[in-house]
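Each reported figure results from applying straightforward, stated rules to the coordinates on display, with no laboratory input. Just so it is clear, the model here is predicted, and its values are computed rather than measured. Backbone-built Cβ (ideal geometry, glycine too); neighbour counts: all protein chains shown.
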Amino acid sequence: MKILVTGGLGYIGSHTVVELQQRGHEVVVIDNLYNSQESVKSKIESITKKSLKFIKMDATDYEGLLELCKLETFDGIIHFAGYKAVGESVKEPLKYYHNNLLSTINLARVAVELGINKFIFSSSATVYGDGVSPFDETMPLLERTNPYGETKAMCERILTDTAKASNLNVTLLRYFNPVGAHESGLIGEIPNGIPNNLMPYVTQVAKGIREKLYVFGDDYDTSDGTGVRDYIHVVDLAKGHVAAIESTKTGVNVYNLGTGKGTSVLEIINAFMDTNKINIPYVITDRRPGDIAVSYADATKAFKELKWKAEKDINEMVKSAWNFEMNLK
Ligand code: NAD
Ligand code: UD1
């Protein structure tokens, strides 16, 4: 297949491009480099030993997208491009609504107009809100606590309505907590400024960039009192996209991409210390506003219908995350 990947130089996109190329698909990446660097292209190429076509383009640019898609005749689109910082979305909601909605609307318009009928969208477990885990795809979406989460729910809705009114086949992938990096150590997550997410904060503490980790609360109703999440290795997540585009079904299909297993913050810290033989100083502090106690997936639907399941365990996640951090200059 020939596939357009938006945001393909970012964290999840770059790993997905690697897996797509390795499966023999032809990939064209567009990215506006808002949260990535052009050097990621050559890193992908050195992993796959294949050349990658990259065009610096904004996914909100309808005319540019139309011209590109007329020229290239794609079989499908995987849409990663978007902003993802929860805290920033609260402070600058319009920036988030503009980028995340407009890119999705304009890509979908082009797809419908040109008959590109496979569309894969990066959604998030955040659409389940404060529901009770394990989350399954039939659960009603609960109130989102921030504009970022709201953009994901709105894009899901926009794409669902579009699919009903056209030949577009839409696959909504709800990611749980992607962590880790490619085993080569060449691509991974490069956070902008102080990391908000747990794993990049842990690796920066390990490297000495930050003094200690703040564990946000130990009084949740969980085994050790700290928050529980479904961490998924980014390479497994990337493979989930390959499975999704290769087995696209008609209409709208929604899949959780997670492991189905919850891991607490203290379990992550301990796994990181044991596997990498490095100490992580930490203190327990207040809960972070907006956090829920427990979030993990019911991942059986993706297994049944896409024949995909996550295979890498927590040790591989913490090992690859640390390997990538050590390679970063
Ligand atoms: P990322 O920031 O690393 O990658 C996004 C890429 O899109 C970046 O390279 C950025 O430069 C690019 N981009 C942003 N706006 C663009 C635009 N208008 N036009 C062209 N390029 C644009 O983020 P990621 O972690 O790889 O996430 C990818 C997608 O998955 C996002 O939509 C994100 O919301 C979603 N998601 C991420 C997570 C997570 O934990 N990382 C969880 C759930 C969902
Ligand atoms: C967060 C976002 C979510 C987004 C996801 C991926 C919030 C409320 N949720 O999810 O919308 O889709 O990132 O970008 O921001 N933790 C610490 N110390 C830290 C960082 C995190 O203890 O320095 C804890 C958290 O309380 C949580 C767990 O680690 O229990 C995971 O946190 P994080 O990596 O930020 O992911 P989520 O909160 O699940």
Among all the aspartates and glutamates, which ones have a C-alpha under 14 Å from residue 152's C-alpha, if same-chain residues fewer than 8 places away are not counted? 143
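Rg to Rh for the chain: what is it, with Cα atoms only and Rh by Kirkwood?
0.95
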Largest first and to the nearest Å, give the Cα extent of the range 46-91 along each principal axis. 38, 32, 18
Towards the positive end of the charge dipole of the range 172-329, with charges on Cβ (+1 Lys, Arg; -1 Asp, Glu), say which of 250, 260, 195 has the farthest Cα. 250
Run lengths n ≥ 4 of DSSP H only: what is the helix-derived mean residue ellipticity at 222 nm for the chain, with -39500 (n - 2.57) per run over all residues, to the nearest 500? -12000 deg cm²/dmol
Can you run phi through the Karplus equation (6.51, -1.76, 1.60; θ = phi - 60°) for the range 183-196 and list ³J(HN,Hα) in whole Hz, with x for Gly and Pro? 5, 5, x, 8, 10, x, 8, 10, x, 8, x, 6, x, 8
Modelling each spin label as a point 7 Å along the Cα-to-Cβ direction, I'd like the residue 267/residue 63 distance in nm, to one decimal. 5.3 nm
Rank-order 297-304, 162-169 by packing density, defined as the average count of other C-beta atoms within 10 Å over each peptide's residues, highest first. 297-304, 162-169
Please list, ordered by chain and number, the residues whose modelled amide H lies under 5 Å from the amide H of residue 118; skip anything fewer than 5 residues away on the same chain. 77, 169
Pairs 249/307; 261/309; 212/312: which are spaced more than 21 Å apart, C-alpha to C-alpha? 212/312
Could you sort the peptides 200-206, 321-327, 2-8 by per-residue average Cβ neighbour count (10 Å cutoff), highest mean leading? 2-8, 200-206, 321-327
Step through the residues of the range 48-54 one at a time and calculate ³J(HN,Hα) from phi using the Karplus curve (6.51 cos²θ - 1.76 cosθ + 1.60, θ = phi - 60°), rounding each to whole Hz and writing x for Gly and Pro. 8, 6, 10, 7, 10, 7, 10
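Select from the range 286-319 those GluC sites (Glu not before Pro) which occupy a DSSP coil region and have at most 13 other Cβ atoms within 10 Å, ordered by residue number. Each step should come with its number before you reach the end.
Details: sites: 305, 311, 316; in loops: 311.
When the GluC sites (Glu not before Pro) of the range 286-319 are filtered for loop state and at most 13 Cβ neighbours within 10 Å, 311 remain.
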Simple spin-label model, 7 Å along Cα-to-Cβ: residue 326 to residue 286 in nm? 3.8 nm
Tell me, what ³J(HN,Hα) does each residue in the range 108-125 have, in order and in whole Hz, if you take phi through Karplus 6.51 cos²θ - 1.76 cosθ + 1.60 with θ = phi - 60° and put x for Gly and Pro? 5, 4, 5, 4, 5, 4, 9, x, 7, 9, 10, 9, 10, 10, 7, 9, 8, 4
What does the net charge come to around residue 260 if you take all other residues with beta carbon closer than 14 Å to its beta carbon, with K and R at +1 and D and E at -1? 0
Long-range amide H contacts for residue 294: which residues qualify at under 5 Å (H placed 1.01 Å from N, peptide plane, sequence gap of 5 or more or a different chain)? 228
Which of the GluC sites (Glu not before Pro) across the range 126-203 are loop residues per DSSP, with 10 or fewer other Cβ within 10 Å? 143
